[in-house]
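First up is the structure itself, then whatever we jot down about it.
Values in this text are rule-based calculations from the coordinates and carry no lab data. Just so it is clear, the structure is predicted and the values come from calculations on it, not from any experiment. Here Cβ is always computed from backbone atoms with ideal geometry, including for glycine, and neighbour counts include all displayed protein chains.
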Amino acid sequence: MSEKNRQQQAKLLRIFRKIHRVTGALLFIFFFFISISGLLLAWKKNSNGLLLAKSYKGTSTDLKDWLSIDSLHKHACQILHDSISADLSTELERIDIRKDKGMVKFVFADQFWGIQLDGATGKLLHIERRRADFIEKVHDGSIIDYYTGLSNNEFKLIYSTIMGLALLAFTITGFWLWYGPIQMRRSNQGDTSAYVRKKSLTKT
């Protein structure tokens, strides 16, 4: 490797090292939250109901025996106000129909509450605080959209883009910080071997 190429390699390593260091310093707190929330989400189904409640079973898995979704929804809203708080909004985030368990789960948008009802009788099976949903929003940044009322997830889009690009930069610079010195050492060893061979030929 020529002296010019060696200097270029060293300069590139310095640039990548700076990018790696600055990116890590600026986004440390975000990487911390992503790693912790990711670990919690991975274990949510094995948290004994702390992060995600189990799905309870109803009395019938035959849909023809079930009450209408409208009547089940009204009953879930009534339970929400009677058993939790009358001030909570009844706006739904989603409805999970678990035919194989004979259960319907109403997940409310306000304060991460969920109510599981028997699909056939409308009986209350479980009231849950969906902590896993909160952690998921922290993980992808949509927690800011949730509390500020941004309906199109603008912050989540910006946050995910920045963190995705940062992770890509971390991967590229981290690889080169490992591989660059190896390549330089190999080139130096090659130059040394060539010099030794040339010197041996000169002596002979």
### Task
Kindly provide the Kirkwood hydrodynamic radius of the chain in Å, to one decimal, from all pairs of distinct alpha carbon atoms.
22.0
### Task
Tabulate in residue order the Karplus-calculated ³J(HN,Hα) for the range 134-143, using 6.51 cos²θ - 1.76 cosθ + 1.60 with θ = phi - 60°, rounded to whole Hz; enter x for Gly and Pro.
4, 5, 4, 5, 5, 4, 9, x, 6, 4
### Task
Determine the distance separating the Cα centre of the range 69-120 from the Cα centre of the range 14-50; give it in Å without decimals.
33
### Query
So what's the back-of-envelope 222 nm ellipticity for the chain, counting only DSSP H runs of four-plus at -39500 (n - 2.57) apiece and dividing by all residues, rounded to 500?
-19500 deg cm²/dmol
### Summary
Under a Gaussian network model of the chain whose springs join Cα atoms within less than 10 Å, the largest fluctuation of ARG186, ARG14, ARG130 belongs to ARG186
### Query
For helix 69-79, what angle does its Cα long axis make with the longest principal axis of the chain, in degrees from 0 to 90 and rounded to 10?
90
### Query
When only alpha-carbon atoms count, how far does the range 53-129 stretch along each of its three principal axes, as whole angstroms with the largest first?
35, 23, 19
### Query
Where in the range 18-104 are there trypsin sites (Lys or Arg not before Pro) that are in a DSSP coil and have at most 15 other Cβ atoms within 10 angstrom of their Cβ?
LYS54, LYS57
### Task
Using only Cα atoms, find the angle between the long axis of helix 3-26 and the longest principal axis of the chain, and express it within 0 to 90 degrees, rounded to the nearest 10.
20
### Task
Give me the angle, in degrees from 0 to 90, between the Cα long axis of helix 28-42 and the longest principal axis of the Cα atoms of the chain, rounded to the nearest 10.
50
#### Entry: Cα-based convex hull, the range 1-65, per residue volume (Å³, whole number)
187
### Query
Under a 5 Å amide H to amide H cut-off, with H placed in plane at 1.01 Å, what residues pair with LEU92 once short-range neighbours are removed?
ALA109
